1. Binning at 10 Å from 0, report for chain A what percent of all alpha-carbon pair distances ends up in each bin.
2. Taking the mean number of other Cβ atoms within 10 Å as a proxy for protection, how do you rank A:191-201, B:2-12 from highest to lowest?
3. Rounded to the nearest 5, what % of DSSP beta bridges with both residues in the protein assembly as shown are antiparallel?
4. Helix A:237-263 versus the longest principal axis of chain A: what is the Cα-based angle in degrees, 0 to 90, to the nearest 10?
5. Just checking the output field for A:90-103: average partner chain Cβ neighbours within 10 Å of each residue's Cβ?
6. Sorting check: for B:243-250, B:206-213, which peptide has the highest mean count of neighbouring beta carbons within 10 Å, and how do the rest follow?
7. Give the Cα extents of chain B along the principal axes, in whole Å, largest first.
8. Helix B:89-99 sits at what angle to the longest principal axis of chain B, using alpha carbons and giving 0 to 90 degrees rounded to 10?
Amino acid sequence: MLAPRIPSLRGAFRVWQRNVTIFRKFWISGLFPNFIEPLIYLAALGLGLGAFIQQGGISGQSYVQYIGPGLLASNAMFAASFESTFNTFVKLRFDKIYDAIITTPVNAEDVIAGEYLWAGTRAALYGTGFLAMLIALGTAFGEPLITSWWALLIPPMLLLIGIMFSVLGTLFTSLISHIDLFAYYFTLVITPLFLFSGIFFPVENFPAPVPQVAWFTPLYHAVNVCRELATGPSVGVIVDVLWIVVFTGALALIPVQIMRRRLIG
Amino acid sequence: MASGLKKSYGDFEALKGVDFEISGGECFGFLGPNGAGKTTTMKMIYGAVIPTGGELSVAGLDVYHHEREIKRRIGVVPQENNLDDELEVRENLLIYGRYYDLPKKLVLERTDELLDFVKLSEKVDNRVEQLSGGMKRRLLIARALINDPEIVVLDEPTTGLDPQARHLVWDRLRALAAEGKTLVLTTHYMEEAARLCDRLVIMEGGRIIAGGTPKDLVEEHVSPQVLEFRARHDAIEELLSRVESSAEAVERTGDEVLLVYTEDADALVAEVRASGVEVENTVHREAGLEDVFLRLTGRRLVE
C-alpha cells in the first residue's frame, strides 16, 4: 500500500483559482437561491411559527433572533454540500475536468484539496451576504439579529464550516457511481442535520440520547459557534470550534485517497 | 524508455510486458485494435495510470518518482474532450497555463501564437460549446502546447473527426514534428500512422506484436502486392483452395472478401481467370500498413 498522498498547496490553489474564474462569470445566477432560501425559512418559521412562541422566546431571545444565526450555519452546509456532491460529481464523471487537470503538474490529491477550499470559500461568500442581510433586516425591524462584534469572526468560521461539509460531501461522492444516489445523502444526512442541530429548537431539551447524538454531528457545533458569535460567545464555544477542526482534519485525507484512486488507474 | 511494462486490474492483465524506446524528435505511434493496451500505455506516460510492473521513464525521468516533473515537460491531448465547455477559448488556455505556474503575460502571448497555429484565432472569444468537433480537437492540441512541452502525447487525435478536420489535424501535427517536438500517438487508423509516424509498434492483447518504420513493417510482414477478390460465399471457398498454394499469404475479411498477398499479382490473376471461379470484383494494389495489421491481428479487428 502506498503512503497517503498529501496535497500540495500550490496545486490546490490552482484548482481553487479555476473555480473562482468560473464563479466570477456565473455568480449571479447562483446567488439568488442561496440567498432566498434562508430568508424563506426566516420568514416562514421565524415570523410564522415564531408568532406562536411569543412568551419569552428561547433563552430570552425572540424566535427570529434564535433561528437567524443558526441559519447562517445551515446555509454554509448547503452551499458546501451542493458543491462537493453534484458539482464535484459532474466535474469528475461528465465533464472530465479532473482528468484534464491531472495531466498537468497539478496532481489528483491537489484537485480534491482545491475543491475543499473552494467549497469553503463559496460557503463563506454567500454566508457573508446572508449575514449582511440579517444585520440589515434586524436594524430595519428594530429587532437586532446580530448583537455582537464577535460576528466579524462568522465569515472565517463559515469558511471552516464549508470545508468541513465539503470533506463530508466529497467522501460520499468518492464512494458512489451514480448521481441519483445523492438523494440518499441529502435525505438521510443533510436534512436530519438541518432539522436536529439546534437551529429551530434547542436539542438539549430532548430526552437522551438525542442531545448526546447531536453532539457527535457536525452541524450542531457549527450552529453553536454561529449563534455564540452572533450574540457574544462563552468560553464553551472553543470546544465547538475544536470539534469542527478535529472532525475535518480526521476525515480530510480519506476522500483525497479514494478520489485519487478513482482518477488514477 | 519502457521495459517490461505491466498493468493488471485484478485478474485482468491490460498490459503483459511491453518494451519500447522513443527517441527525441520522432513521431512514434501505437497502433492496435480497441483494448490492445494503447491508451493504458499512454496514460502511464502522463501519470494517469500507475504501472504494476516494469520500468518506464519519460524525458529521462522515472514515472514512479517524478510524476510532477514529467507532467511539467509533456503535453497531453486526451481521447475525450475535457475542455471547460462553458468558458471561452482564451479562458481555457489561461486556466490551463496557471496549472503550470506560467506567468499570465506569457500565457497570453502563447495563447495568441497557439490559436494562430491551430487556426482558431477567430474563435478566441467563443465559448467552447459553440465549437465543432474538429475545432475542439485543435483547441485540445493548442492547450497541450501551452507549457511548450518537449513531448506531446496524443490519444487517438482524429477519432470521430470528418475528413477535412482530420487532414487539418494531421497538417498541424506534421508542423509540430517539423519543429522538433517528440510526438507519441495512438491510433487505429492505418492511414494516420502511415502519414505521421516515423516508427510505430502494433499492439494486441496487451503486447507489442511488431514494430519498426511503416516501410520496414510492410516489407517484413507482407508481400508487396495485394489482390482483393470479392466473390459470393461459396465461390470464396473454392477460390481460397485454388490460390492457397501459389500465394504467399491469404487473409479472409468477412464472408465475401479474400486478400491475397503475392510477389507476382499478374500471374495469380491469370491463374484465377483460368480456373473459372466466379469472381465479382478484383482490386490490385500495393501492400500497406493495413495489410500488416490484418496479417498480424488476423480477423479479430473486424469482429
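None of the figures in this text is laboratory data; all of them are computed from the coordinates on show. In this text the structure is predicted, and so the values were computed from the model without any measurement. Note that we place each Cβ from the backbone using ideal geometry, even for glycine, and neighbour counts take in every protein chain shown.
1. Whole-percent P(r) values from 0 Å outward: 7, 30, 34, 20, 8, 1, 0.
2. With the highest mean Cβ count within 10 Å placed first, the list reads A:191-201, B:2-12.
3. In the protein assembly as shown, DSSP labels about 65 percent of beta bridges as antiparallel.
4. Roughly 30 degrees, rounded to the nearest 10.
5. For this peptide, the per-residue mean of nearby foreign Cβ atoms is 5.
6. B:206-213, B:243-250
7. Here the Cα extents, ordered largest to smallest, are 74, 44, 33 Å.
8. 70 degrees
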